[in-house]
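Notes for the one structure printed next.
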Amino acid sequence: MKSANWLGHLLKVLGLSVLTLVAYVAFFLYAAGTFWGNSQVTVTSEQRDGLSVSLTHPTVVKGRGNAMTMTVFNHTSEPVTVAEPFNCFLVENQPSFVDSRGQVQRTAGDMACTMIALAPITIPAGGSESGEVWLSTEGLPADSYKVTYNILLRRIVGKELTDNTSYQQIALNVMTQVRVVPWWWLF
């Protein structure tokens, strides 16, 4: 009786080990495509008045959003000073999200930048400056979206900041695609 009990116990342990191994392999095959397969995309605007902008973001965005990197490029032969370039997505220039059915969707929250009220940034000739901004997808249903960002840069005219400083507004459009998934989909 003891040997039959021992053999049954061994078969249960082997069966559970095989099931665990299959689950382990299946999870890592899934995870490789879902977690580690979430590549970064960089999209760049056209150059206007010597400036352009690029955004680097994940291809799959979960839940309420993800951080993305915004880089402002100076294509001129002179340094350029830009006022608060990373305080970028205000109410009047919210990005538009167009879903797979061609309908415009609105996010529940505002686009927020993590770098607000910074001193103006001087970008060297032929150089660039980067900052982190937030890609908010709060309130968007899970879908694939074509996103258009309307970025307004305020270039400071003149060499010094004074009470009478004037600004040149430069509108740059950046278009990209992103897939939004529920927060729990990627943990």
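The values are calculated or read from the model by the stated rules, or taken from the named source; none is laboratory data. Since the model is a prediction, treat every value here as computed from it, not as a measurement. Positions of Cβ are backbone-derived with ideal geometry, glycine not excepted, and every protein chain shown enters the neighbour counts.
Annotations
- Qualifying position, being at pLDDT 90 or above and closer than 20 Å to ASP143 by Cα, among ARG101, ARG48: ARG101
- Figure legend. Inter-residue proximity from region 79-101: first residues in a strand (DSSP E or B), second residues aliphatic (A, V, I, L, M) and modelled with pLDDT under 75, beta-carbon distance below 9 Å, spacing 6+ or different chains. Indicated pairs: THR81/LEU161; ALA83/LEU118; ALA83/LEU161.
- Meets criteria (over 21 Å from TYR167 (Cβ atoms) and either out of contact with any Cys (no Cβ under 9 Å at 6 or more places or on another chain) or at pLDDT 90 or above (or both)) for THR137: yes
- Pick from region 146-182, criterion farther than 22 Å from THR56 by Cβ and hydrophobic (A, V, I, L, M, F, W, C), ranking: modelled with the lowest pLDDT: LEU161
- Condition met for ILE116 (exposed (fewer than 15 other Cβ atoms within 10 Å of the Cβ), touching an Asp or Glu at 6+ places or on another chain (Cβ under 9 Å) and either at pLDDT 90 or above or over 17 Å from THR137 (Cα atoms) (or both)): yes
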